[in-house]
Amino acid sequence: MSQVFVYHTPELVPDAGRPDCAVVVDVLRATTTMATALQAGAEAVQVFSDLQQLLDVSATWPDSKRLRVGERGGRVVEGFDMGNSPLDCTPACVGGKRLFMSTTNGTRSLARVQASPAVVTAALVNRQAVVDWLVARRPAVIWIVGSGWEGSYSLEDTVCAGAILASLETTWGIPASELTANDEAVAALALFQQAHTNLLQLLHQASHGRRLLGLGYDADLKYCAQLDSIPVVPQQREPGVLVLNP
Ligand code: 3SL
């Protein structure tokens with residue numbers, strides 16, 4: 001049976017120990033964008049915490065096969081091909097290309113757990129696909145790692161952790177009381193149970209949701225709030241490189 005721990009931010013992930021599987025969450029918007037880009041036919045998403053390193057590594061790829069995705073503070077990084085909007089990830093734009101991506105928080109969470117034996121990314125849009133993947137493999141210890149915002153808690157990543165737990169309970173048939181391994185996991189499940197009928201409203205209340213609304217990204221919030229709309233599981237094939245079929 002699995003034990004599921006929830007950590008709200010990469011900073012709260014313990015230094016000691018590691019899970020059998022890490023599930024990285026950044027509902028607004030990095031992990032939503034990753035699932036969308038891979039479903040739209042991107043070859044891979046390669047993540048970087050550091051913008052200069054991203055520029056150096058992506059420079060070794062042919063122009064026609066790469067897209068530089070950069071976001072800081074919700075805005076597109078100057079000189080990059082695109083920002084972090086999942087709505088830009090159409091097959092015409094990303095098909096066959098590698099996305100070299102750096103975002104404020106989501107890519108830092110991935111870096112924090114990249115040494116785990118298995119790493120997948122989850123958002124509300126691909127929650128059930130991730131649950132099915134976990135149930136098929138039954139990792140003994142699962143860490144769900146939220147991205148938050150610059151070290152602080154976020155409602156949207158916590159509700160997604162709760163959505164994963166709620167579906168693990170029903171799909172697996174194991175009571176949540178046996179799956180939840182820390183207080184954060186219990187609280188995440190309670191948040192989802194309270195908010196599941198109107199996830200968009202919760203994203204509108206979230207501080208990063210409000211930040212994105214202020215930048216005009218209303219349609220992104222609507223897209224990111226859709227539960228189980230994309231049946232894909234981005235998986236780490238090598239440190240920092242996410243693909244659909246490793
Ligand atoms: O913080 C992150 O990693 C981003 O997902 C933030 S944003 O939604 O692109 O602004």
Within segment 123-153, restricting attention to residues that are in contact with a His (Cβ under 8 Å, 6 or more places away or on another chain) and surrounded by 24 or more Cβ atoms within 10 Å (Cβ to Cβ), which residue is farthest from VAL4 (Cα to Cα)? GLY148
So is LEU227 in a helix (DSSP H, G or I), more than 19 Å from HIS8 (Cα to Cα) and among the hydrophobic types (A, V, I, L, M, F, W, C) or not? no
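Looking only at helices (runs of 4 or more DSSP H) that fall completely inside segment 174-220, which ones have 1 or more residues that are of a type in the set (Asp, Glu)?
Because the criterion is at least 1 residues that are of a type in the set (Asp, Glu), the helices (runs of 4 or more DSSP H) in segment 174-220 that meet it are 176-179, 183-195.
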Take GLN235 and tell me if it is more than 16 Å from the ligand (Cβ to nearest atom), under 26 Å from ARG98 (Cα atoms) and modelled with pLDDT of 95 or more. yes
Pairs only if they're at least six apart or on different chains, beta carbon under 7 angstrom, first in segment 96-108 and under 15 Å from LEU12 (Cα atoms), second more than 9 Å from the ligand (Cβ to nearest atom) and at pLDDT below 95; list them, first residue then second. ARG108/SER49
Among the residues of segment 23-41, count how many are in contact with a Pro (Cβ under 9 Å, 6 or more places away or on another chain) and either part of a loop (DSSP other than H, G, I, E, B) or more than 11 Å from the ligand (Cβ to nearest atom) (or both). 8
Do we find a residue being more than 22 Å from ARG112 (Cα to Cα), among the polar types (S, T, N, Q) and touching a residue at least 40 places away in the same chain (Cβ under 8 Å) anywhere in segment 52-73? no
Could you check segment 51-153 for strands (runs of 3 or more DSSP E) lying wholly inside it with 1 or more residues that are near the ligand (Cβ under 10 Å from one of its atoms)? 66-72, 98-102
Across segment 184-220, what is the total count of residues that are touching a strand residue (DSSP E or B) at 6+ places or on another chain (Cβ under 9 Å) and acidic (Asp, Glu)? 1
Where the second residue is away from the ligand (no atom under 11 Å from the Cβ) and not in a helix (DSSP H, G or I) and the first is within 23 Å of ARG127 (Cα to Cα) and lies in segment 206-227, which pairs have Cβ atoms under 6 Å and are six or more apart or on separate chains? GLN226/VAL125; LEU227/LEU124
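The values are calculated or read from the model by the stated rules, or taken from the named source; none is laboratory data. As the structure is a computational prediction, the values presented were derived from the model and not from experiment. Note that each Cβ is placed from the backbone with ideal geometry, even for glycine, and that neighbours are counted across all protein chains shown.
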